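J.: Quick one: the structure is below, and I'll ask about it shortly.
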Amino acid sequence: MSASPSSLSKIWEDPVRRGIALFAAMFVLVLLVGLVQGTASILLILTQATAFALIALGLNIQWGYGGLFNFAIMGFLMVGGASTVFLSYPVNMAFWESDGPLMLGRAVLAFLIAVALVWAARKVDRLGVTGKARTVIVALAWFVGYIIYRTQIDPAAAYIESTAGFVGGLGLHPILGWAFGGLVSAVIAFYVGKISLGLRTDYLAIATIGISEIIRALIKNMDWLTRGTMTVSPMPWPTPLPQQLQAAGASIPESFIYARVMFLVVCVAILIGAFFLVQRAYGGPWGRMMRAIRDNHISAGSMGKDVTGRQLELFVFGSILMGIGGAMLATFTQIFDPSGYQPINHTFMVWVMVIVGGAGNNWGVVLGAFLIYIIWIISDPLAQMIFLNLSVITEQMGWGAIPEIDSRALQMRVFVLGVVITIALRYAPRGLIPEVVKRS
């Protein structure tokens, strides 16, 4: 017996029932995809979707909690990947047995001298130097500091690239690399936030787009540290690799299933821990303060709240999760390729996850992350199947075969995402599971 329209309406209006129904539908979708593509394939999808869910939680902290338009997501994912390379990739003895460490030490010393020079120039007002004279002195300090640093880093980089290829890693456990990715992202986000959080709405979005491109350009061109476009591979896993399980006697299909299950368990544990902490924080006084700042920062500021300081907290906290998620993705794929990061895959798609899932609701964001990523992955083979069948029909009708089916099917991903977000905004403008603010 089918459900009546009134009962469906009641389920849709009740946030709890609505969430249960949507997660049940998601479970059915995962089962269907697993039956069609196989267990190993669905485990791969779920592992990457879990990492994207962590990244989407980070964006939800920034935008859903604080209304901050951050379009530098791709930059923080690259920072997380590069950080885990530095900490977890095997040690490159060719670098450590050369003069590279000594030359890098000189470059670090030159950098510290440049920082001290700029800091001293900014304090000249205490000596009575103010106005344009102080501005000129600070600008000159920046120029001299830059020259001092470049005189050391350029020969060091050229020497490392010619003798050892790149610095390599420290050979530590990959989970430590993930934590280091979050730490480096937090440091970068702190200084980015100090500079750009005075901007509002679209101006902040434009600034973060520029920051993301700057980060990508730096990582792509620092061959001595990240190998740039030459990529770093294979990245070590925190759990046994399929090859290690095969050496222990497991068959090839079983090895991939067992290895991906263990990796997925680690990722899910991190996601659950982050979800629990974020949920608890947003449900307490801190969350109420953040909602007040998001809804009316002028009113919150007039009540004595440090608006910019609290927004900086949100920006840093969200960026930590993005850095960890980026490190997880780089580790799972076993390759760090700066040229593989694209705004459509690593910024726009995360925004779609949050918008479709429901900004301000962590349950909705997690649901949106899994839903959008699964749709993103399966849209390519589905489009190929449709185009192949259409191509057979057009050939039979004398119109000729459809050319370049592979590339056309790949481009359909963007079209499908556009359709999904259009339908979601039409029938669920606040997301599939919208934010619910408890009032007493």
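J.: Name the residues in the stretch 215-269 that are part of a loop (DSSP other than H, G, I, E, B) and within 21 Å of the chain's Cα centre (by Cα), would you?
T.: Those that are part of a loop (DSSP other than H, G, I, E, B) and within 21 Å of the chain's Cα centre (by Cα): Met222, Arg227, Thr231, Ser233, Pro234, Met235, Pro236, Trp237, Pro238.
J.: Still on this structure: Any residue that is within 25 Å of Ile335 (Cβ to Cβ) and either of a type in the set (A, V, I, L, M) or crowded, with 16+ Cβ neighbours inside 10 Å (or both) - is there at least one of those in the stretch 190-202?
T.: Within the stretch 190-202 (the criterion being within 25 Å of Ile335 (Cβ to Cβ) and either of a type in the set (A, V, I, L, M) or crowded, with 16+ Cβ neighbours inside 10 Å (or both)), the answer is no, since none of the residues qualifies.
J.: Ok, one more. Sort out for me the helices (runs of 4 or more DSSP H) sitting completely within the stretch 297-369 that have 1 or more residues that are within 19 Å of Thr208 (Cα to Cα), open to solvent by 20 Å² or more (accessible area, probe 1.4 Å) and touching a residue at least 40 places away in the same chain (Cβ under 8 Å).
T.: 307-333, 349-357
J.: Is it the case that the stretch 376-384 has a residue that's farther than 14 Å from Val33 by Cβ and modelled with pLDDT of 85 or more?
T.: Checked the stretch 376-384: at least one residue is farther than 14 Å from Val33 by Cβ and modelled with pLDDT of 85 or more.
J.: Evaluate the following for Ser185: is it polar (S, T, N, Q), more than 26 Å from Ala94 (Cα to Cα) and touching a Leu at 6+ places or on another chain (Cβ under 9 Å)?
T.: When the stated conditions are applied, Ser185 passes them.
J.: Contact list please: Cβ distance under 8 Å, first residue in the stretch 271-295 and among the aromatic types (Phe, Trp, Tyr), second residue surrounded by 12 or more Cβ atoms within 10 Å (Cβ to Cβ), pairs at least six apart or on different chains.
T.: Phe275/Leu57; Phe275/Asn362; Phe275/Val366; Tyr282/Tyr65; Tyr282/Met290; Tyr282/Asn362
J.: In addition: List pairs: first residue in the stretch 185-212 and at pLDDT 90 or above, second residue open to solvent by 60 Å² or more (accessible area, probe 1.4 Å) and assigned to a helix (DSSP H, G or I) anywhere in the structure, Cβ distance under 9 angstrom, at least six positions apart or on different chains.
T.: Hits for this filter: Ala186/Phe317; Ala189/Phe317.
J.: Taking only the stretch 100-135 into account, find how many residues are among the charged types (D, E, K, R) and open to solvent by 90 Å² or more (accessible area, probe 1.4 Å).
T.: 4
J.: Tally the residues that are among the β-branched types (Val, Ile, Thr), open to solvent by less than 70 Å² (accessible area, probe 1.4 Å) and more than 22 Å from Met322 (Cα to Cα), restricting the search to the stretch 232-282.
T.: 2
J.: Can you tell which of Phe52, Phe86 is touching a residue at least 40 places away in the same chain (Cβ under 8 Å) and within 16 Å of the chain's Cα centre (by Cα)?
T.: After applying the criteria, what remains is Phe52.
J.: Another question, if that's okay. Quick check, is Gly171 of a type outside the set (D, E, K, R), farther than 19 Å from Phe69 by Cβ and surrounded by 18 or more Cβ atoms within 10 Å (Cβ to Cβ)?
T.: No: the conditions fail for Gly171.
J.: Return a yes/no flag: does the stretch 139-153 have any residue that is in contact (Cβ under 8 Å) with a residue 40 or more places away in the chain and surrounded by 20 or more Cβ atoms within 10 Å (Cβ to Cβ).
T.: Yes, that holds for at least one residue.
J.: Where the second residue is among the small types (Gly, Ala, Ser) and the first is free of Cβ contacts under 8 Å to residues at least 60 places away in the same chain and lies in the stretch 26-46, which pairs have Cβ atoms under 6 Å and are six or more apart or on separate chains?
T.: Note: pairs meeting the criteria are Ile42/Gly34.
The values are calculated or read from the model by the stated rules, or taken from the named source; none is laboratory data. This is a predicted model, so every value here is computed, not measured. When we count neighbours, we look across all protein chains shown, and the Cβ atoms used for this are built from the backbone with ideal geometry, even at glycine. Side chains included, ligands, DNA and RNA excluded: accessible areas come from the protein's heavy atoms. Shrake-Rupley method; radii C 1.70, N 1.55, O 1.52, S 1.80 Å.
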